[in-house]
Amino acid sequence: MPVSRRAFLGAVPAALAAQPAAPAGINRRDVVSRHNPTLRAIDPRSPLSVGNGEFAFTADPTGLQTFPQPYLTQMPLCTQSQWGWHTAPNPTGKGPADLRLAEFDTFGRKVGYPTSSDGQKPLFDWLRENPHRLHLGRIGFAIDKPEDVRFIQQTLHLWTGILHSEFAWRGQTIAVETCCHPAQDLIAVTVRGRIPVVFEFPYGSSAMSAADWTHPEKHSTRQQAATPYGLDLDRRLDGDTYTVRIAWPGIAAAIQQESAHRFVLTPATDRLAFCCGFHRASHTPADPSATFAAAEKHWSAFWTSGAAIDLSAAPDPRARELERRIVLSQYLTAIQCAGSIPPQETGLTCNSWYGKFHLEMHYWHAAHFASWGRPALLERSLGWYNAILPSAREKAKQQGYAGARWPKMTAPDGRDSPSPIGPLLIWQQPHPIAMAEMIYAAHPTRDTLARYRDLVFESAEFMASYAHYDAKSARYVLGPPVIPAQENHPPRETWNPTFELEYWDHALAIAQRWRERAGLARQPKWDEVRAKLSALPVKEGVYLAHENCPQTFTERSRDHPSMLGALGVLPGRKVDRETMRRTLKKVFAVWKWADTWGWDFPMVAMTAASLHEPALAIDALSMDTPKNTWLPNGHNWQRANLPLYLPGNGGLLLAIAQMVRENAFPINWNVRHEGFPPAMAAAR
């Protein structure tokens, strides 16, 4: 977790300390606006989105979803929400309780985990794929021939949140503006030019597109209410329902149902303004002009709040691209990762892992909100852990542990999805503690303590219970079985992963501080575990991935170099700085970067910043390798079926905030910054 390292790391080198304090008064609008994404053609890998954290709409260059086909295998055009999920019929007639668990020897006792599909593949697969996030509906222009369109320009104006699109069609120049309401799940659209608009609705799918357009008989779209200026629709997919409201107040237009799930709105003139809202329950009418005004007010307030950084004075040509990524990452995480539940790795753009979210990634998605002075955006999803606390307690109890064990891959219900890997991960466990501490640093009140104390205490109880005391070596060990953050390790042969050992120490220290703040005595077991926790594993002067991994820098030098996170992501109380410096440089030299992930580069930069190696921090963030690909829309591309990766965006923002706190930019970059919160004190 990003905190002050100075208390741990000693004096800042003189050259860095001499760097002048950044002056205030950044022209934020200039910084933001110079990175407005602009397209002049269909780019299937880089559509633009509007959203509000709970809901997002992704458009092609027409400003709507007129041409979905080119995007299907690249970055699908979806309309998604935090509440919009679909559960397909269960072909097995069985449930989670019927899934047979694989037993793992855990220091002489058997613990079951849902890791094997042997003999139960239909149930295993159904539990993984359901519920899946739903594409709520496609909105596009009624254009039969894409070749009839000549694209002129599309620009996303970040300061206002308004997407402006222009294209030529049938002798007309069509001008479209699209925005998302900041507090409702709806878009508003204005159109200059006479062109019909189509609304279509699919069946659910666990695929990347989150939509099945081939089975109209499996779902229904019924008209509920109609007026001269609006239409309400009732949507039903198996046991899931939602409503759609299309409204064009004061506009001369007519809507007709052309097929079971297709409706066409035809304007009577060359002016059209409408709203389309998607709702799980009842909702109020929306007005297009009011929605645009609300969006402009919201985004102006967003950009003028929290922190800002200006890299325009840096002579290094990498600085402008880095600044672009920073600005767009703020926008994308605000619309994709700031909702009431943790986001999936592709946010509200399209499906990854069936639309489910991975709790070990929650920190990378959302912790940066607090480090950039916007803690309220982190709090939106942090409270969700309270909702699943009973099931997390039951999960720990079933495995013979105390406290609450958080799932890995899950949906809003908090049920852990079966997987050969996920159920054996543990590094998501300290996240609620670390993120609650970030909220307390921003709001050190009794209300904050009351809101999150159960999450902190129950997480710590499991952590202390999970650590096993080995009497022979007089120390506490983590695993086996365990799969660390670097997932390419066999669980029965893995113990004491470096990052997890440091995270256990750090989070238990925070939990003790929370007990003291609440007027409670320190928990003796937590202190005992910290005091006797295994040392971080070292071989030949560098940290290993885990204690039983001498191959860390040979055949295991791929996936996450997670040992680096022990100093950088974490304050590194147990870390020897020079050992970590050697580890950092060895990772740079031998790691297989094409087999990493988007948040690894920020993690490496955070380690470099903590070691006051600014050149290495910039090198890590700017590395030219496939998983560090950043598209024109600001998304961090990973691979064909993972065309965007928001932990990369969130990780970048975490790294930049830490580099500011550590004064870890190259001196000649002349970085200007403002609004970053003061560093948190370290827990003892």
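The values are calculated or read from the model by the stated rules, or taken from the named source; none is laboratory data. Quick caveat: nothing in here was measured; it's all calculated off a predicted structure. Every residue, glycine among them, receives a Cβ derived from its backbone with ideal geometry; neighbour counts consider all protein chains shown.
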Need a quick list: helices (runs of 4 or more DSSP H) entirely within the stretch 268-381 having at least 1 residues that are in contact with a Gly (Cβ under 8 Å, 6 or more places away or on another chain) and among the acidic types (Asp, Glu). 288-304
Say whether the condition of being under 26 Å from the mean Cα position of the chain (by Cα) and either among the acidic types (Asp, Glu) or closer than 30 Å to Pro196 by Cα (or both) is met by at least one residue in the stretch 109-125. yes
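How many of the residues in the stretch 502-536 are assigned to a loop (DSSP other than H, G, I, E, B) and either touching a Ser or Thr at 6+ places or on another chain (Cβ under 6 Å) or crowded, with 21+ Cβ neighbours inside 10 Å (or both)?
1
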Checking Ala485 against (1) within 27 Å of Pro423 (Cα to Cα); (2) of a type in the set (Gly, Ala, Ser); (3) in a helix (DSSP H, G or I); (4) within 27 Å of the chain's Cα centre (by Cα), which single condition isn't satisfied? (3)
Only one of Thr79, Thr87, Thr106, Thr92 is of a type in the set (Val, Ile, Thr) and in contact with a helix residue (DSSP H, G or I) (Cβ under 9 Å, 6 or more places away or on another chain); which? Thr92
For the stretch 546-566, state whether one or more residues are under 25 Å from Gln658 (Cβ atoms), without any contact (Cβ under 8 Å) to a residue 24 or more places away in the chain and surrounded by 15 or more Cβ atoms within 10 Å (Cβ to Cβ). yes
Answer from Gly519, Gly541 - the residue that is farther than 21 Å from Gln429 by Cβ and free of Cβ contacts under 8 Å to residues at least 24 places away in the same chain: Gly519
Six or more apart or on different chains, Cβ atoms under 8 Å: show the pairs whose first residue is in the stretch 212-223 and in contact (Cβ under 8 Å) with a residue 24 or more places away in the chain and whose second is of a type in the set (Asp, Glu) and in a loop (DSSP other than H, G, I, E, B). His219/Asp238
Being surrounded by 17 or more Cβ atoms within 10 Å (Cβ to Cβ) and aromatic (Phe, Trp, Tyr) is the requirement here; does Tyr229 meet it? no
Say we look at the stretch 30-80 and pick out the residues that are surrounded by fewer than 21 Cβ atoms within 10 Å (Cβ to Cβ) and of a type in the set (S, T, N, Q); which of these is farthest from Pro196 (Cα to Cα)? Ser33
Filter result for Met680 (free of Cβ contacts under 8 Å to residues at least 60 places away in the same chain and of a type outside the set (S, T, N, Q)): no
Note on the stretch 384-415: residues out of contact with any Lys or Arg (no Cβ under 7 Å at 6 or more places or on another chain) and surrounded by fewer than 17 Cβ atoms within 10 Å (Cβ to Cβ) are Asn386, Ala387, Pro390, Glu394, Lys397, Gln398, Asp413
From (1) under 20 Å from Arg405 (Cα atoms); (2) of a type in the set (Lys, Arg); (3) free of Cβ contacts under 8 Å to residues at least 40 places away in the same chain, pick out the condition that doesn't hold for Arg492. (3)
The residue from Pro423, Pro418 that alone is assigned to a loop (DSSP other than H, G, I, E, B) and either modelled with pLDDT of 95 or more or surrounded by 24 or more Cβ atoms within 10 Å (Cβ to Cβ) (or both) is Pro418
Just to verify a result, which residue in the stretch 197-217, among those that are under 29 Å from the mean Cα position of the chain (by Cα) and among the acidic types (Asp, Glu), is farthest from Thr79 (Cα to Cα)? Asp212
Filter the stretch 251-267 for residues that are part of a strand (DSSP E or B) and not aliphatic (A, V, I, L, M); which is farthest from Thr214 (Cα to Cα)? Pro267
Identify, by number, the condition in (1) assigned to a strand (DSSP E or B); (2) touching a residue at least 24 places away in the same chain (Cβ under 8 Å); (3) not small (Gly, Ala, Ser) that Glu166 doesn't meet. (2)
When the residues of the stretch 428-472 are narrowed to those that are assigned to a loop (DSSP other than H, G, I, E, B) and in contact (Cβ under 8 Å) with a residue 24 or more places away in the chain, which ends up surrounded by the most Cβ atoms within 10 Å (Cβ to Cβ)? Pro430
Just to be sure I understand the filter: pairs with C-beta atoms under 8 Å, separated by 6 or more residues or on different chains, first member in the stretch 598-625 and closer than 15 Å to Ala566 by Cβ and at pLDDT 95 or above, second member crowded, with 24+ Cβ neighbours inside 10 Å and acidic (Asp, Glu). Which pairs pass? Ala609/Glu662; Ser610/Glu662
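Can you name the strands (runs of 3 or more DSSP E) wholly within the stretch 181-235 that have at least 3 residues being farther than 16 Å from Val264 by Cβ and modelled with pLDDT of 95 or more?
Filter on the stretch 181-235 gives 186-192, 219-227.
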Could you list all residues from the stretch 124-157 that are in a loop (DSSP other than H, G, I, E, B), modelled with pLDDT of 95 or more and surrounded by fewer than 23 Cβ atoms within 10 Å (Cβ to Cβ)? Asn130, Pro131, Ala142, Ile143
When you go through Ala683, Ala664, Ala679 one by one, which is the residue that is at pLDDT 95 or above and among the small types (Gly, Ala, Ser)? Ala664
